[in-house]
Amino acid sequence: MTVWKNVWWLIKQDFSMVRYGYIWSLLYYLNAIFVLFVFMNPNTSSEAGASGFLTVIFNFFVLTIIQVVGYPIDSRNMYYWKNDTYTKRILQLKLLPVKNKEIVMSRFLAYVLYASIFILLLLSGIRIMMSLDWMEPVGWGTWLGMVFFWWGMVLAVGSAYLYGEMLMRGKGFFRLSLLCIAAALVISILLWWCGNYMLWPLVIRLIEQHGMIVPAASVLVGAGALATSWKIVERKFGDRDLFAS
C-alpha cells in the first residue's frame, strides 16, 4: 500500500509541476487536428490525389505527433539537451524518501496516463469533425479501432523515449530523439515509395478490412515494448551515475 501511495504522490507531483504546459499542449493538439482536417479533404485524402512530397510531409507530421503525445509542452524541458533537466529532476527525486522502483514506476505510469488522455482528446476532436462532415466519417467501431491503434503506437514510441529520459544524459537523450525523428522520416519516405500511401487513411482502411486485429496488434506491440523498457530501466536505474558527464 505504501508503494502505491508513494507512486501516486510522485505522479501528482509530476503533473502539478507542468502548470501552463497543459494549455500549450492543448493548443498544439488543436493545431494538429486542424492540419489533419486540411490534409483529409477529398483532394488529398486519397493516395491518388496527393503528390509524393505532400504524402511524405503528411506522414512525417503524423509520425511526429505520436512522439510528443506523452510529453507536455513544458518550458523547463525546452533545452534539456543543454541543461540536462531530466537528470536534475531524477537527482531531486532520489533525495526523497522513495525507492528507485517507485520513481521508475511513477514516471512510466504518468506517461501512460498523460498519453492516454491526450490521444483520446485528439481522436475525439477528429470524431467531432467527422460528425460535422468536415472529414470523411467512419463508423464508431473503426474510430474506436483508431483510438487503440494510435494508443499502441504511442506506447511503443514511449518505450524508447522513457529509456532515454531515465538512463541518458541530456545530449544522449537528444541524439536518441533525433534518431526517432529520422526513423519517422524514413518510414514516411518508404510509405510514399511503396505506393504513395498516406498513413492516416491507410490505417483506417486496414481497420475496416481486418477489424480489431489491427488495433489489438498495435496495443500488444506497444504494451510489450513499454513493459520491456520498464524492466530494463528498473534494473539499470539504481546503478546510473547521475554526475557523470
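The values are calculated or read from the model by the stated rules, or taken from the named source; none is laboratory data. Nothing here was measured: the structure is a model prediction, and the numbers come from that model. Virtual Cβ from ideal backbone geometry, glycine too; neighbours counted across all protein chains shown. Please note that ligands, DNA and RNA were not included when accessible areas were found on the heavy atoms of the full protein model with its side chains. Shrake-Rupley method; radii C 1.70, N 1.55, O 1.52, S 1.80 Å.
Among I73, I65, I33, which is the only one that is modelled with pLDDT under 80, under 18 Å from the mean Cα position of the chain (by Cα) and of a type in the set (V, I, T)?
After applying the criteria, what remains is I73.
Does V219 fit the bill of being at pLDDT 95 or above and more than 17 Å from the chain's Cα centre (by Cα)?
It is false that V219 is at pLDDT 95 or above and more than 17 Å from the chain's Cα centre (by Cα).
So which residues in region 218-232 are surrounded by 14 or more Cβ atoms within 10 Å (Cβ to Cβ), out of contact with any Ser or Thr (no Cβ under 6 Å at 6 or more places or on another chain) and within 15 Å of L155 (Cα to Cα), if there are any at all?
Scanning region 218-232 gives S218, V219, V221, G222, A223, G224, W230.
This table checks each residue for (1) among the hydroxyl-bearing types (S, T, Y); (2) in contact (Cβ under 8 Å) with a residue 12 or more places away in the chain; (3) open to solvent by 20 Å² or more (accessible area, probe 1.4 Å).
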{"position": "P72", "(1), (2), (3)": "no, yes, yes"}
{"position": "M78", "(1), (2), (3)": "no, no, yes"}
{"position": "T85", "(1), (2), (3)": "yes, yes, yes"}
{"position": "Q92", "(1), (2), (3)": "no, no, yes"}
{"position": "V98", "(1), (2), (3)": "no, yes, yes"}
{"position": "E102", "(1), (2), (3)": "no, yes, no"}
{"position": "F118", "(1), (2), (3)": "no, yes, no"}
{"position": "L122", "(1), (2), (3)": "no, yes, no"}
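Out of the residues in region 129-141 that are assigned to a helix (DSSP H, G or I) and touching a helix residue (DSSP H, G or I) at 6+ places or on another chain (Cβ under 9 Å), which is surrounded by the most Cβ atoms within 10 Å (Cβ to Cβ)?
In this case the residue turns out to be M129.
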